Amino acid sequence: MGRINTNVPSLIAQRVLGQNNQELNLSLERLSTGLRINRGKDDPAGLIASQNLRAEKGAIGAAISNAERADQVVNIAEGGLQEISGLLNELQGLITQTANDGGISPEEKSANQLQIDSILQTIDRVAAATSFQGLRLLNGNLDYVTEAVDANVQSFKVNGAKLNYQETRDVDVVVTGSAQVAGFYLSFGAANLDLGAGTDRFVIEIAGSKGARELSFVSGTSIANIVNAINSFTEVTGVRATLSGSTGTTSGISLQSVGFGSSEFVTVQVVSDGAINTAFANAGIYKLAATDTNAASTAGADRTLFSAASNRITDYGQNVVATINGIQATTNGTVARINTDFLDVEVNLKTGTASGTEAQRVGSLSAFTITGGGADFQLAGQVDITGKVSIGIANVAVRNIGQTVLADSNTYFLADLGGGRSLNVVDGNLNGAQEIVATAIADITQLRGRLGAFQRNNIGSTIRSLSVSLENTTAAESTIRDTNFSGETSQLTRSQVLQAASTQVLSIANSQPQSVLQLLG
């Protein structure tokens with residue numbers, strides 16, 4: 001070392017000291033902020049990944065908040081529906097009480113009608129008042145908006161439908177198999193019963209989905225009177241009779257279940273045939289034609305002699321077979337339903353005649369179009385149609401619930417139980433009134449069950465799954481961005497030692513040129 005102007009060891013020591021200072025400052029920054037990445041240069045790729053994870057955390061947290069809000073909305077709607085359920089139960093009791101005609105005065109009937117009117121008004125008030133932050137929940141605000149309803153649709157419900165912005169959804173029904181009533185054709189061969197003797201009895205038991213009755217007839221009873229006798233118990237048996245096949249000397253009875261579907265049946269048992277005249281070759285009990293419930297089957301195997309019908313013979317109805325928007329529908333009678341992630345609808349098709357079949361028109365029809373409405377809840381971090389859950393809540397006012405077609409073929413609602421209406425309890429049809437109330441109870445119960453399932457399955461499971469996702473996303477973001485204190489403190493100690501060493505070395509390097517002065521003597 002013989003140069004003074006350039007102190008290379010000092011330059012090296014300064015450079016190393018600067019590096020050690022930078023490392024020490026970096027460790028101090030990480031330990032003081034708790035973050036391994038404080039700016040882009042710390043880890044460019046890690047910064048990008050951590051920022052994406054932070055955005056996902058924010059979205060997931062908002063989705064959890066949305067789910068909790070949805071749960072609160074449904075809770076409020078459920079509270080209103082629970083009150084309506086209690087009012088409907090009270091209404092059912094008033095109708096039953098008023099039906100006790102022999103033990104209730106006209107004044108009591110009028111008082112009960114006043115109570116019924118008050119209950120109907122209260123139901124409407126609850127439907128109109130149940131709200132969340134001013135949003136009415138039970139007055140139809142959250143129901144779906146539909147248009148272009150086909151004339152072959154008796155009624156329908158839209159329980160859920162996911163729609164994109166300004167999107168509409170056509171509901172197309174393809175009927176591939178008609179709904180059928182259960183029934184038999186009874187052929188007697190004459191307009192009156194012709195039994196073996198005046199003391200003989202023709203005893204027959206008719207049974208259906210509601211119950212059974214045994215009827216007894218003497219010789220000479222007209223077939224028309226037998227029809228009337230069977231129909232007098234239709235409300236008890238669920239089986240109705242019509243005079244059929246009256247041509248010349250032949251006469252018969254068509255027995256059919258009141259409703260359509262596999263849950264309906266007609267059972268016939270001839271307890272005593274009364275030695276009925278068998279001279280008429282075609283006498284007996286016939287199954288209905290497979291493709292036409294208005295006609296008897298002509299197959300020999302489908303005929304049972306009256307004398308051979310001592311054991312019960314039964315025929316069952318058939319559910320409609322249909323697809324809705326390409327999905328095989330679950331059916332019950334004339335009702336078809338699908339329940340998918342994107343569409344949950346129920347369509348009740350009108351009965352009619354097509355291809356000789358009394359039931360559903362076999363073919364394709366555009367049932368209706370959903371143009372909007374419903375309650376949409378964003379239950380995922382990603383805002384798209386898959387992260388959205390939709391549910392519809394129909395108007396539960398008395399003019400909208402309890403829809404039933406009664407024996408007079410007219411459609412009635414719960415509002416028809418009001419004073420002066422056709423189903424009032426003072427002088428109205430109490431049987432029909434009770435049927436309407438039973439339907440209204442079923443409507444409200446089904447809606448409560450659907451909302452309960454939505455809370456438990458859609459909302460509850462969403463909150464649980466999103467909470468797990470939030471935990472995992474937070475852990476991933478922490479692994480990338482947060483400081484590892486155990487490793488960083490070790491790095492801090494190393495940097496402190498190296499800084500002290502570099503400072504000492506720099507001091508020595510700066511003092512080295514002084515030794516050159518000794519050469520000057």
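The values are calculated or read from the model by the stated rules, or taken from the named source; none is laboratory data. A quick note: this is a predicted structure, and the numbers were derived from the prediction, not measured. In this analysis, Cβ positions are derived from the backbone assuming ideal geometry, glycine residues included, and neighbour counts consider all displayed protein chains. Please note that ligands, DNA and RNA were not included when accessible areas were found on the heavy atoms of the full protein model with its side chains. Shrake-Rupley method; radii C 1.70, N 1.55, O 1.52, S 1.80 Å.
For the reader, a short list of remarks on this structure follows.
- Summed side-chain charge close to GLN328 - residues other than GLN328 whose Cβ falls under 15 Å, Lys, Arg +1, Asp, Glu -1: -2
- Rounded Å value of the spacing that divides the Cα centres of the stretch 53-126 and the stretch 169-246: 41 Å
- For the pair LEU519 and GLN22, a Förster radius of 35 Å applied to the C-beta separation gives a FRET efficiency near 0.40, rounded to the nearest 0.05.
- Gyration tensor (alpha-carbon) shape descriptor, the stretch 317-471, a/c threshold 1.5: oblate
- Placing a label point 7 Å from the Cα of SER85 along the Cα-to-Cβ direction, the residues of the stretch 443-473 whose backbone N falls under 15 Å from that point are 443-456.
- Label point 7 Å beyond Cα of ASN410 along Cβ direction - residues of the stretch 417-458 with amide nitrogen under 19 Å: 417-440
- Fully extended contour minus Cα-Cα distance, from ASN277 to ILE48, at 0.36 nm per residue: 72.9 nm
- Cross-link partners of LYS287 among aspartates and glutamates (Cα-Cα below 16 Å; sequence separation of 8 or more within a chain): GLU264, ASP302, ASP315, GLU358
- Within the chain: Cβ-based charge dipole about Cα centre, in debye rounded to nearest 20 (Lys, Arg +1; Asp, Glu -1): 2100 debye
- Counting only residues at least eight positions apart within a chain, or on another chain, the lysines with an alpha carbon under 22 Å from that of LYS162 are LYS388.
- Estimated FRET transfer efficiency when R0 is 25 angstrom, pair THR386-ARG456 (beta carbons, to 0.05): 0.75
- 16 Å Cα-Cα reach of LYS350 towards lysines, excluding residues that sit fewer than 8 places from it in its own chain: LYS157
- Here THR298 and ALA111 are evaluated by their C-beta separation; at R0 = 51 Å the FRET efficiency comes out at 0.30.
- Contour excess over end-to-end distance, with Cα ends at ILE104 and ASN225 and 0.36 nm allotted per residue: 40.1 nm
- The fraction of accessible area contributed by carbon and sulfur in the chain is 50 percent, rounded to a whole number (1.4 Å probe; ligands and nucleic acids excluded).
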